[in-house]
Amino acid sequence: MVIQKNRENLPWVEKYRPSSLDEVNGQNDIVSTVRKFVHEGKLPHLLFYGPPGTGKTSTIIALAKEIYGSNYRNMVLELNASDDRGIDVVRNQIKEFASTMQIFSKGFKLIILDEADAMTSTAQNSLRRIIEKYTKNTRFCILANYAHKLNPALVSRCTRFRFSPISQEAVNTTIATVITKEKLKISSDAIESLCTLARGDMRKALNVLQACKASLQDDNDEIDTNMIYNCIGAAHPKDIEAVLDSILQDEWTSSYNTISICKREKGLALIDLLSGFVSILNKYELKPATRIEILRGLSDIEYAISKAGSDKIQTSAVIAVIKSAMEHEKK
Ligand SMILES: Nc1ncnc2c1ncn2[C@@H]1O[C@H](COP(=O)(O)OP(=O)(O)OP(=O)(O)O)[C@@H](O)[C@H]1O
Ligand SMILES: [Mg+2]
């Protein structure tokens, strides 16, 4: 039986993982710098850090493919969080790989340590020595979300690159390719909301798009803004405005009911409403003091929710904060 590599069934984040550095969007400076290192034959140890879904893993894998081509399997060791990351792995697996010389191929081997901030500090410590010992024929690339969770001595051995959240235009470029390849029908408003709501996380954008496609009744239906908001679990600005209007105009009980109905029907949590309020607050003309009062109040409520405060009390507190700030606004 011939085993076919079926890319069709893969989740889109894997199906559309950049296969070359040219397909990595929105990290142009980093891509051109690491490319230059490779062309000059002066690749240092690398540290890529930054928020999830910004292309760290994709960039190093694409770079390794560019360097090694078909020899990738022999020259690259990938270790990621699903592996056992204790001290033994570092001592044995890395040592074994790094110390065997390739007789026929010149150049260095590459060890990719994905999610290195999850490694125990003992393992990180023993890595310092290993990096120094094998620098002659090996380069390390350390990937992490938070540089501060890494041993400073480890960080200082690497050239650092911070992957910032991907710009909306770059998210748009990648999304546009996927839309064409998957022959999706999607409104331009929906694309715009998707790119904004992804907040620089390309993985999130692709996953939400795939979820929307899956929820279509008929493959020929169009994906609209509402579906994007539903899949991402964010409150639609229209719903937030309706709730806010009710708090401003209605008396207490009906405001409370409007919030409860919105939460129930849209499947939102109070915390989603809070972020919604904060993001549309800029649209309202308010005295600075009022704005500060509302923001301070909402942030206290957010903290209380994170400490498992009662939903009923916190919902009432939201109404109280906004109503009382508006009373002061009038004075
Ligand atoms: N800059 C980018 N250009 C194109 N696609 C990207 C980019 N960044 C991320 N992606 C897409 O998102 C998916 C996840 O990206 P990747 O695994 O590289 O993120 P990461 O930065 O390693 O995140 P994490 O910190 O969670 O490991 C990729 O498979 C790819 O489809
Ligand atoms: Mg990664």
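The values are calculated or read from the model by the stated rules, or taken from the named source; none is laboratory data. The structure displayed is predicted, hence computed values, not measured ones. Note that we place each Cβ from the backbone using ideal geometry, even for glycine, and neighbour counts take in every protein chain shown. SASA here: full protein model, heavy atoms, side chains in, ligands and nucleic acids out. Shrake-Rupley method; radii C 1.70, N 1.55, O 1.52, S 1.80 Å.
Tell me, please, whether a residue that is charged (D, E, K, R) and either more than 18 Å from the chain's Cα centre (by Cα) or not in a helix (DSSP H, G or I) (or both) can be found in region 194-204. Among the residues of region 194-204, at least one is charged (D, E, K, R) and either more than 18 Å from the chain's Cα centre (by Cα) or not in a helix (DSSP H, G or I) (or both), which makes the answer yes.
Exactly one residue out of Lys238, Lys204, Lys185, Lys263 is among the charged types (D, E, K, R) and within 16 Å of ligand 2 (Cβ to nearest atom): that is Lys204. Checking Leu143, Leu150, Leu127, Leu113 one by one, the residue that is more than 16 Å from ligand 1 (Cβ to nearest atom), aliphatic (A, V, I, L, M), modelled with pLDDT of 80 or more and surrounded by 15 or more Cβ atoms within 10 Å (Cβ to Cβ) is Leu127 and no other.
Conditions tested, residue by residue: (1) away from ligand 2 (no atom under 16 Å from the Cβ); (2) not in a helix (DSSP H, G or I).
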site: Ser32; (1), (2): yes, no
site: Gly41; (1), (2): yes, yes
site: Ile60; (1), (2): no, no
site: Leu63; (1), (2): no, no
site: Ile67; (1), (2): yes, no
site: Ser70; (1), (2): yes, no
site: Val90; (1), (2): yes, no
site: Phe97; (1), (2): yes, no
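Taking residues in region 219-236 that are within 13 Å of Ile191 (Cα to Cα), and partners anywhere that are open to solvent by 90 Å² or more (accessible area, probe 1.4 Å) and of a type in the set (Lys, Arg), the pairs with Cβ atoms closer than 6 Å and at least 6 places apart or on different chains are Glu222/Lys185.
Just checking, does region 219-226 include any residue being over 27 Å from Ile30 (Cα atoms), in a helix (DSSP H, G or I) and touching a strand residue (DSSP E or B) at 6+ places or on another chain (Cβ under 8 Å)? No - not one qualifying residue is present in region 219-226.
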